[in-house]
Every structure is written in C-alpha cells, then in structure tokens.
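Below: the structure, in structure tokens.
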Amino acid sequence: MSEAAFDDSEINQDDSQEDVMTPAELIAKLEEAWLNEKFSPELQENKSEVVECVMEQLTHMESNLQRVKKGDAKASIHRMEVDRVRFVLASYLRSRLQKIEKFFPHVLEREKTRADGEPSLLSPEEFAFAKEYYDNTEAYLKAVALKRMPPNLQSIDMLKAVPEPCLDSFVFLRVKEKQENILIEPETDDQREYVVDLEEGSQHLMRYRAIAPLISNGAVQLI
C-alpha cells in the first residue's frame, strides 16, 4: 500500500498507549490480520482498533479526493489504492463473519471461558451477531424439527451438533521472528517428541495447532 495514498499524519491506535503508527504501518497491520484470518482454520483475535483506524483514514481520503480536480492522474492512483484497501477490509470482515456462522457455538463458548486479561475473540458487534445467530438457529431447529421429536429428544447440544474448527489442518507460514524448540509432534509410545527451530524469513508448511500461539504474538504470518 502506498503511504502517499493516505494522509502523512501519524495515527494513534490506542490513546492509552504511546505507540503510534504511520498510515503505511496501519495498512500493513490490516493486511497481516486479513491473511491470518483468511488462512487460519479458526477465528482469530479481533482487530477492531485497526479496523476503526482504517475506516477513519478511508473516510478522510474520500473527502480529500472529492476536492481534487477531475482528470488528475495522481488522484486516480490514490483512488485505486483506496479501493484496494476497501477490498482488503471487506474481505477481512467477511472472513470473520463466515467463521462465526460456521462455528458459532464454539466461538461463543471460547469467549465465555477465556481467562481474565486474555484478548477478546469477538468485537462487541460480532458478539451480538454470534449470540443472535445462536438464538435464531436454536429457535428454528425447535420449530421445524425438535418439537416433533419424542420429549426426551427435544433438546440439542449445539457444541456437539456443530463441528469444531480443524486445528490439525496444514497452513503455509512465513517466520517474522526466530523461534527455537517449537514442538511439532508430542512424544508418544511410538516416537520421541519432534521439535524444530524456525529461522527468521523462512517459510514452512505446518500443522496449524503447532504454531497457533505464534500467530497470536506476531512471530509468524500465514501466507
């Protein structure tokens, strides 16, 4: 993303933090979250602050572009960049909603049981959507099927009825920070434990379960 396509002022992602990001760094954060969400089998931690900052910048740029004379080549380039970022943002949010719809009971259960201080999986809007989707699905099943079943079969456990994300699926990743002694396969009766070192800049095809924590802390990027 061209930094020139956005205002050159720095963006404060969180007023309570001293860290600030330039527009180019902000877009890089969005693209990283987008790729991680797109290629991971389970829902990732929400990046609502990044989304809100990007939307503010897009609104600001739209306002600036409206004041540019028609036919300006530079404005056309900026317009293409703005449209590209809008696509990335929409695809990111769409990927999250699709996972919420697919795994809604597990997403809500994970949110309910997360430890104090652990980052929230869902934004407030996503939580409201997931809860409404759960309630509507349960009401629909009761109306069209369960009420016609014998009394002892008129209840349903959503956690058992809806498949969980497959955490053993394989994903491609690029290492951003060197990692040592990553456990790939635990020790069993038939084999010893299998650990590897991940060199910065290297790319790998690995089980998602083994590297899921490294995605959360930003040490690896799904590709």
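Annotations
- Helix 48-66 vs. the chain, principal-axis angle (Cα, 0 to 90°, nearest 10): 30
- Probe 1.4 Å, accessible area per residue of the chain, Å²: 63
- Helical content of the chain, expressed as a calculated mean residue ellipticity at 222 nm, amounts to -17000 deg cm²/dmol (DSSP H runs of 4 or more residues, -39,500 (n - 2.57) each, divided by residue number, nearest 500).
- The relative contact order of the chain, computed from alpha carbon pairs under 8 Å that lie at least 6 residues apart in sequence, is 20 percent.
- Other residues whose C-beta falls under 10 angstrom from the C-beta of Lys176 contribute a net charge of -1, scoring Lys and Arg +1 and Asp and Glu -1.
- All other residues whose Cβ lies under 10 angstrom from that of Glu62 are scored, Lys and Arg at +1 and Asp and Glu at -1, for a net of +2.
- Counting charges near Leu198 (Lys, Arg +1; Asp, Glu -1) among other residues having Cβ under 9 Å from its Cβ returns a value of -4.
- Surface composition of the chain: carbon plus sulfur atoms contribute 50% of the solvent-accessible area (1.4 Å probe, protein chains only, all chains present).
- Accessible area of Thr137 (1.4 Å probe, protein heavy atoms only, ligands and nucleic acids ignored): about 40 Å².
- Of the labelled figures (i) 1.02; (ii) 0.96; (iii) 1.27, only one reflects Cα Rg over 2.2 N^0.38 Å as derived from the coordinates, namely (iii).
- Segment 150-223, dipole about Cα centre (Lys/Arg Cβ +1, Asp/Glu Cβ -1), debye to the nearest 20: 400
- Proximal lysines relative to Lys38, as straight alpha-carbon distance under 28 Å, when same-chain residues fewer than 8 apart are discounted: Lys29, Lys47, Lys99, Lys102, Lys112, Lys131, Lys160, Lys176, Lys178
- Angle between the chain longest axis and helix 124-144 axis [Cα atoms, degrees, rounded to 10]: 40
The values are calculated or read from the model by the stated rules, or taken from the named source; none is laboratory data. Quantities reported herein were computed from a predicted structural model and do not represent experimental measurements. Because the Cβ atoms are built from the backbone with ideal geometry, glycine has one as well, and the counts that use them run over all protein chains shown. Ligands, DNA and RNA are excluded from the accessible area calculation, which covers all protein heavy atoms including side chains. Shrake-Rupley method; radii C 1.70, N 1.55, O 1.52, S 1.80 Å.
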